[in-house]
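Working notes, beginning with the structure itself.
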Amino acid sequence: MSIEETVTRTVADVEITDEYRVALRTRKKLTDLSPDAAMALADELAEVAIEAANGLREDAAARGIASISHGFDGGPVHPECRDGKCRNCDGRTLNGRDEMVPCTHSCHVQAVAS
Ligand SMILES: [Zn+2]
Ligand SMILES: [Zn+2]
């Protein structure tokens with residue numbers, strides 16, 4: 001009577017890296033696979049590749065939204081203008097570095113135009 005055992009060994013490991021790249025780790029430089037294993041690896045690679053591509057796209061979209069909303073920040077606005085009390089604003093305010101700069105509220109732009 002012979003006693004047999006099936007050893008499960010990892011021949012290849014597929015995962016997404018932090019940079020949304022597909023990392024394929026094999027035990028050896030040359031890995032010969034059974035047709036079934038090769039098929040499974042191909043499926044796994046395709047699955048992870050799609051996941052990585054989606055992750056990359058979502059990440060880019062999130063960055064795009066962040067940069068667009070940052071673009072709406074505009075320049076410094078006087079606190080009175082921010083509160084809607086434009087009459088109390090003298091048209092100058094402090095920026096983030098404590099420097100006197102023109103208030104960029106739209107009320108001043110209209111005043112100059114008219
Ligand atoms: Zn204003
Ligand atoms: Zn103002």
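Pairs meeting the criteria (first residue in the stretch 32-58 and touching a residue at least 12 places away in the same chain (Cβ under 8 Å), second residue in a helix (DSSP H, G or I), beta carbons under 9 Å, at least 6 apart or on different chains) are Leu33/Met39; Leu33/Ala40; Leu33/Leu41. Of all residues in the stretch 67-103, exactly one satisfies the criterion of being modelled with pLDDT of 85 or more, more than 8 Å from ligand 2 (Cβ to nearest atom) and among the β-branched types (Val, Ile, Thr), namely Val101. Considering only the stretch 1-29, state which residues are surrounded by 13 or more Cβ atoms within 10 Å (Cβ to Cβ) and modelled with pLDDT under 80. Once the filter is applied, which keeps residues that are surrounded by 13 or more Cβ atoms within 10 Å (Cβ to Cβ) and modelled with pLDDT under 80, the stretch 1-29 yields only Val11.
Residues that are farther than 26 Å from Thr8 by Cβ, at pLDDT 90 or above and more than 16 Å from ligand 1 (Cβ to nearest atom) are absent from the stretch 31-44.
The values are calculated or read from the model by the stated rules, or taken from the named source; none is laboratory data. Remember, predicted model here, so these are calculated numbers, not experimental data. Every residue, glycine as well, gets a Cβ built from its backbone with ideal geometry; the counts of neighbours run over all protein chains shown.
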